[in-house]
Structures are given as C-alpha cells and as structure tokens.
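Asker: Submitted below is the structure of interest, expressed as structure tokens.
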Amino acid sequence: MTGLDWECDRGFLDQVRAFAAGELAEQAAAGPLDAARNAQLLRRAADLGLTGIEVPRSAGGLGLGFREKAKACEILAGVDFGFALSLVNTHNVAARLAVTAPPELAARLLPDLLAGRHHACTALTEPHAGSDFFAISTMAQRTADGWCLHGEKAWIANGAVAGLSIVYAQTGTVGERDGIAAFLVRLDDPAVSRTACSVDAFVPAPTGGFTLDAYRVPEGEMLLPPGGAFRAILNEINGARAYVAAMCCGMLAAALESAHGFGRERRSFGQPLQAHQHWRLRVAEGEVALAAARALTAAAVEAVAEEAASAQLLAAQAKIAATQALGRWMPELLHALGAAGLSGQTPMKAHLAAAQVVGLVDGSTEMLLERVAALTGRRKTELFREG
Ligand SMILES: Cc1cc2nc3c(=O)[nH]c(=O)nc-3n(C[C@H](O)[C@H](O)[C@H](O)COP(=O)(O)OP(=O)(O)OC[C@H]3O[C@@H](n4cnc5c(N)ncnc54)[C@H](O)[C@@H]3O)c2cc1C
C-alpha cells in the first residue's frame, strides 16, 4: 500500500489487466457494447473468475476479497465503464446468494451466474423513488406459501437482460424503514415484464426496468427479512461507493494516459504539444486531482475491506471526490486532444458520459454530501465509534 493504492493478489490483477487490454479494449473500440457483445464478454470474464471474485471457493468462486473487486472495477472501467458496471452487478448478486441464500438454492443458482450464462441485478430504484429509497412502493404481501410482489423497478444496471434480480420491496406500509425486505426474482417469469430504458451514450447497456404483476416468491426465496434488508443494503452500499470511486480513478487515469501519449506525439508550432506550458499544466492539474481522488479511494477501500467504522464516511467522501475529479477533468482532457479526442479511438467520449452516471449510481452526490454532513457534524469521539 503506497497511500495511493492498495495491496491485491498479483496473479489475479495480471489476468484482469490482460483481459482489459485485450478482448475488452478490442470490443470497446468497436463502439458501445450491445447486449450480445456484453453477454459474450461476460462469459469471457467469467472464465477468469470475475463473476465470483468475492464468492468463497467452496461455492465455486475465487475466494478473494473486496480489495481485488475494487481493483478489478478500476481496471475494467478504465477501458469500458459500462461493462465494468454490468459485470460488478452480476458479481454482487452471486456474492449475496453465496452468503445469504439457503445452501440448496445457492447451489442451484450459482453455477449459471458464475459461468456468466446470464446477468443479474439488484433493484432498489423505482420510477418515483430514487434518492428517497424508503419511499419505494413495490409491495410484498404475505401468502399462504410465501410472498406476492407488485410494483415497478426502473434504472437498474442489467435490468434489460438479467435472468435474476434481488428486488427490494415493502412488506409493511410505504415509508416504513424496517418493513423493507429483499426477494429473489426470476426475471423470465410470466409475472415480469421489462420496461425499456433508452440506451444511448449516457445510459450504458444493458440498463432497464421491469414490472412485477403478482410475482410469487416461494418460501425460502426471501433473501433478507424485514429489518435486516435495510441494514444489509447500507453496508453493501459503502462497498459500492468505494468501488465506484475506484472506477472514476480508472477512467481518469486512462484519460491522462491518452493525453500524455497525444502530447508527446502531436506537434503544433514546431513542438510537441507537451512542450507548450499551458497545455502541459492543464494535464498536470488533472494528475493532481487523480492523486487526491486515489488517496481517498485507497483509504475507503481499506476501510471497507477491514469493515472499519470509518468505512461509511470514507466511502462517501471518496465517491464524491472521485466523481467530482472525473467531472471536472474529463472534459478538459478531451479538449486537450483536440478533434482527435472525438474520434472514438479512445474511450474518452464514453467516459465523459460516465462522469454523469457516477454522480447518480449508489447514492447521488447530494445524498452523499448529506451523509458526510451528518457524520462529520457529530462529535469526533462519536464519529468512528458508531460508523
Ligand atoms: C446507469 C444507471 C444505472 C443504475 N443502476 C441501478 C441499479 O443497479 N439498481 C438501482 O436500484 N438503481 C440504479 N440506478 C438508479 C440510481 O440509484 C438513481 O438514479 C439514484 O438513486 C438517484 O435517484 P433518481 O435518479 O430517481 O433521482 P432523484 O432522487 O429524483 O433526484 C433528482 C436530483 O435531485 C437530487 N436530490 C434528491 N433529493 C434531494 C435532497 N433531499 N436534497 C438535495 N438534492 C436532492 C438528486 O441528487 C438528483 O440530483 C442506476 C442509475 C443509472 C443512471
């Protein structure tokens, strides 16, 4: 750990880097991934174990930890943010099933997920409830043999294609924090219909939504009970914020690398661009912003990996800092490449759009700032004790 990075399994990282620089870069260069190319890459990533990084070996995964997951997110996002987001969402469902599902259910579902035979997603957001998670109105009613779900989910990474989803629904009355539970939903069931979400430069495929019309959840497929679901998602979201921060660092680092390469080769007024002071100082400022974002991200990744009480604050701070660094510097670095930046030969255009998306996923910047305000507003002695 250098302060700007964290220790990871070297052999694993070499494999992720080779995949990112090879097949993923090749596909990303051919334009935004459609569902078919995403599915093909998912299977290749699964061959390397990337669908089961945190899944225990006994359940068929790699048995590695959060540090490796966050680093894989950083490396893959540097090449294709949309694919990294899609992959980590499938991974997270596999990891959740491995620890929470009854063993017989996990044994039935994990092989397909780990082999990348289908995508999976985690669905909290609804058309009328995003930041205000407790306002979700997908309802779960008790039946004689399980639960019955009604409602609609929107803006879900992998929602357009996933075979399985972990769906958060209200078992009590809308707004009741401890009434929220999490259920396993098979998205190929006739009680489920997909709702399209127009995928374009700003919406990485395969994002989408679905409606549940009397979807029957058998006993044993409620993954997190009322009360427990809310607490589990708060813990999980600290990890998500830290790895999204790592993704931002990956994208910014890739943009800086492109800028440096361009600045060495491209000449204007008889000199390489990087010999022009105004040009190189802009790039240098981007490097400073990246180093600052990396330092906070490394601290957040360590805190999450160690389950430290500081994880909540550091993950929120890291995601804010990294998102803002990306949003501030991606347009500048794209500009530093002149018209060549718009040519599609680098992932910079896609990452410019991603800079908008990262300000929303796993907590918008405003919600995170509220968290920071609440946590730092406490007396210091309380801060790291309560988390
Ligand atoms: C590509 C993509 C993938 C996604 N994947 C998933 C997924 O896999 N699963 C999932 O459940 N969700 C997912 N989301 C949804 C994401 O979590 C939401 O977009 C996010 O929670 C914000 O909710 P919203 O878009 O409804 O915005 P809103 O909650 O409507 O907020 C609109 C704006 O107002 C601001 N705002 C809201 N309330 C306040 C307040 N009290 N004070 C100040 N400002 C406020 C917000 O910060 C935002 O800028 C995804 C979104 C995108 C774009």
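The values are calculated or read from the model by the stated rules, or taken from the named source; none is laboratory data. Please read all numbers here as calculations on a predicted model, not as lab measurements. Don't worry about glycine lacking a Cβ; one is built from the backbone with ideal geometry, like all the others, and counts go over all protein chains shown. We work out accessible area using only protein heavy atoms, side chains counted, and drop any ligands, DNA or RNA first. Shrake-Rupley method; radii C 1.70, N 1.55, O 1.52, S 1.80 Å.
Asker: Of HIS150, HIS335, HIS276, HIS91, which has the most accessible area and how do the rest follow, probe 1.4 Å? Intermediate values should be presented prior to the final figure.
Answerer: On the way: HIS150 70, HIS335 125, HIS276 45, HIS91 5 Å².
Most to least solvent-accessible, the answer reads HIS335, HIS150, HIS276, HIS91.
Asker: Springs between alpha-carbon pairs under 10 angstrom, Gaussian network model over the chain: which of ASP188, ASP132, ASP145 fluctuates most?
Answerer: Comparing ASP188, ASP132, ASP145 in the GNM, the peak value goes to ASP145.
Asker: Using only the alpha carbons, work out the radius of gyration and Dmax of the range 10-118 in angstrom.
Answerer: Over the range 10-118's Cα set, Rg and Dmax evaluate to 13.3, 42 Å.
Asker: Excluding LEU333 itself, what net charge comes from residues whose Cβ is under 11 Å from its Cβ, given Lys and Arg +1 and Asp and Glu -1?
Answerer: Values: positive: ARG282, ARG328; negative: GLU257, GLU285, GLU287, GLU332.
Surrounding charge for LEU333 is -2.
Asker: Shape of the range 121-226 from its Cα gyration tensor (a ≥ b ≥ c, root eigenvalues): rounded if a/c is under 1.5, otherwise prolate when a/b > b/c, or oblate?
Answerer: oblate
Asker: Hey, what D do you get for the range 216-280 in µm²/s if you plug the Kirkwood alpha-carbon radius into Stokes-Einstein at 4 °C and 1.567 mPa s?
Answerer: 80
Asker: To continue, here is another question. Lysine pairs in the chain 8 or more apart or on different chains: how many have alpha carbons under 29 angstrom apart?
Answerer: The number of close lysine pairs in the chain is 9.
Asker: Same structure again: Relative contact order of the range 143-295: what whole-number percent is it, with Cα pairs under 8 angstrom and at least 6 residues apart? Working shown, then result.
Answerer: Values: 213 pairs, mean separation 35.8, N = 153.
After rounding, I find 23 percent.
Asker: Here is a further query. Quick one: accessible surface of ASP362, probe radius 1.4 Å, all protein chains present, in square angstrom to the nearest 10.
Answerer: Taking all protein chains as shown, ASP362 has close to 50 Å².
Asker: To the nearest 10 square angstrom, what accessible area does THR100 show with a 1.4 Å probe?
Answerer: Here the accessible area works out near 40 Å².
Asker: Under a 1.4 angstrom probe, counting protein chains only, how are GLU176, GLU74, GLU302 ranked by accessible area, largest first?
Answerer: My answer, sorted largest first, is GLU176, GLU302, GLU74.
Asker: Can I ask one more? Keeping all protein chains in the complex and leaving out DNA, RNA and ligands, what accessible area do you get for MET222 with a 1.4 Å probe, in Å² to the nearest 10?
Answerer: 60
Asker: With the other protein chains left in place, how much accessible area per residue, in square angstrom, belongs to the chain at a 1.4 angstrom probe? Write out the running numbers ahead of the final one.
Answerer: On the way: 16780 Å² over 387 residues.
I get 43 Å² per residue for this part.
Asker: Could I ask something else about it? Between GLN271, GLN312, GLN141, where does the largest GNM mean-square fluctuation fall for the chain, given springs only between Cα atoms within less than 10 Å?
Answerer: Result: GLN271 has the largest fluctuation of those listed.
Asker: Hey, in the GNM for the chain with a 10 angstrom Cα cutoff, which one of HIS118, HIS351, HIS278 fluctuates hardest?
Answerer: HIS278
Asker: Over the alpha carbons of the chain, what is the largest minus smallest coordinate on each principal axis, giving the biggest first in Å?
Answerer: Result for the chain: principal-axis Cα extents of 80, 52, 40 Å.
Asker: Continuing with this model, one more query. FRET efficiency for ALA292 and GLU176, Cβ-Cβ distance as r, R0 = 56 Å, nearest 0.05?
Answerer: Values: r = 40 Å, r/R0 = 0.72.
In this case the efficiency is close to 0.90.
Asker: Which whole-number percent gives the relative contact order of the chain, counting Cα pairs below 8 Å spaced six or more residues apart?
Answerer: 16
Asker: Which whole-angstrom value gives the distance between the alpha carbon centres of the range 62-140 and the range 323-344?
Answerer: 30
Asker: Okay, moving on. Please list THR173, THR365 in order of solvent-accessible area, largest first, computed with a 1.4 Å probe with all protein chains present.
Answerer: Sorted descending by solvent-accessible area, the residues read THR173, THR365.
Asker: While we're looking at this one, here's another question. Compute the angle between helix 81-100 and the longest alpha-carbon principal axis of the chain, please, reported from 0 to 90 degrees and rounded to the nearest 10.
Answerer: For helix 81-100, the angle is close to 30 degrees.
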